[in-house]
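Novice: Please see the structure below; I have some questions.
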Amino acid sequence: MRIYHVLRSCAVLCFTMKTTLADFAEIGYIDNIPEENEMTILSAANLSRRFGKRWAYARINLQLQAGEKLLLIGANGSGKTTLLRSIATLLPPTLGELTIFGKDPKKELDFVRQRIGFLSHRPGLYEDLSAVENLQVFARLMNKNITKEQAENFVSSVGLEIRAEPIKAYSAGMRKRASLSLLLLKEPELIVLDEPFSALDPTGIDEISELLSNMPVAMILVSHQVERAAALCDRCILLEDGLLRWQGPADKAWNAWRASQQVQS
């Protein structure tokens with residue numbers, strides 16, 4: 001019966017599924033989606049996004065609780081980043097309902113965005129300013145009063161040396177650290193991260209992992225470093241061809257990932 005409903009939904013959305021649900025029998029399939037309650041800060045119901053005739057993701061149902069950390073995995077082109085951008089209110093869904101902090105982002109966009117911190121592949125920093133100067137500028141934009149010393153402390157807390165050079169002279173890893181310092185400045189209630197470990201060396205990954213693990217806020221992250229990211233998270237969902245194919249505890253993420261790769265090969 002479950003297979004029938006899933007295949008019927010895919011047919012309605014003109015999806016072509018490359019794998020069968022039986023391939024995931026050993027690790028579970030969309031297992032026990034949590035019900036919304038007073039601790040729910042994000043709820044998605046039948047969330048779908050289409051580009052032309054192609055559905056980037058479809059029929060996504062999930063909830064996120066306060067303080068919960070969720071890992072989103074899947075192969076390239078599975079819809080991870082598109083879904084992440086919709087959650088970050090940067091790309092509205094085509095269909096479905098999305099509620100964040102009890103608000104509809106279409107109606108309360110400013111309220112929602114003030115409480116979300118988003119880190120993508122692009123740093124979003126002023127190239128001609130240093131990391132400290134960027135923090136000072138963004139603090140003013142957020143109506144926060146911070147001293148230069150406080151800005152330097154934010155920068156140091158992500159393992160970045162205090163430098164006078166502008167961001168355009170920074171390495172990719174240094175830019176990532178500078179972007180993370182902005183998250184600390186904003187103090188969001190929900191952090192959305194797209195490949196937070198990219199461009200970082202092993203030491204940098206360890207430092208950023210420790211920083212993220214100590215942040216007592218809800219978090220959704222996409223990462224190809226499944227084992228490393230899973231260690232930070234409570235729960236994991238796996239997307240394939242834009243569909244939520246599996247979800248379960250984060251310590252089962254690597255098994256789910258390997259199973260999906262074996263099916264595709």
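Every number here is computed from the coordinates shown, using simple stated rules; none is lab data. A quick note: this is a predicted structure, and the numbers were derived from the prediction, not measured. Using ideal geometry, Cβ is built from the backbone for each residue, glycine included, and neighbour counts are taken over all protein chains shown.
Novice: Where the centroid of each part is defined by its Cα atoms, how far is the range 112-142 from the range 206-250 in Å?
Specialist: What the calculation gives is 23 Å, centre to centre.
Novice: Provide, as a two-decimal number, the C-alpha radius of gyration of the range 158-238 over 2.2 N^0.38 Å, N being how many residues it has.
Specialist: The reported ratio for this selection is 1.10.
Novice: How would the range 86-236 be classified by its alpha-carbon gyration tensor: rounded, prolate or oblate, with rounded meaning a/c under 1.5 and the a/b versus b/c comparison settling the rest? Show your work: numbers first, answer last.
Specialist: Numbers: a/c = 1.87, a/b = 1.26, b/c = 1.48.
In terms of gyration-tensor shape, oblate.
Novice: Okay, next question. Under a point spin-label approximation (7 Å from Cα along Cα-to-Cβ), what is the ALA75-LEU91 distance to one decimal in nm?
Specialist: 1.9
Novice: On full extension of the chain, what length is gained from GLU149 through ASP206, given 0.36 nm per residue of separation minus the C-alpha to C-alpha distance?
Specialist: 18.0 nm
Novice: Quick check of the Kirkwood formula: for the range 43-90, what is the inverse mean of 1/r over all pairs of different Cα atoms, in Å?
Specialist: After inverting the mean inverse Cα-Cα distance, the result is 11.6 Å.
Novice: Take the eigenvalues of the Cα gyration tensor for the range 100-158, scale each by 5, and report the square roots as semi-axes in whole Å, largest first.
Specialist: So the equivalent ellipsoid measures 26, 14, 11 Å along its semi-axes.
Novice: I've got another one for you. Work out the FRET efficiency for LYS53 and ARG258 from their Cβ-Cβ distance, taking R0 = 35 Å, and round it to the nearest 0.05.
Specialist: For LYS53 and ARG258, the calculated efficiency is 0.65.
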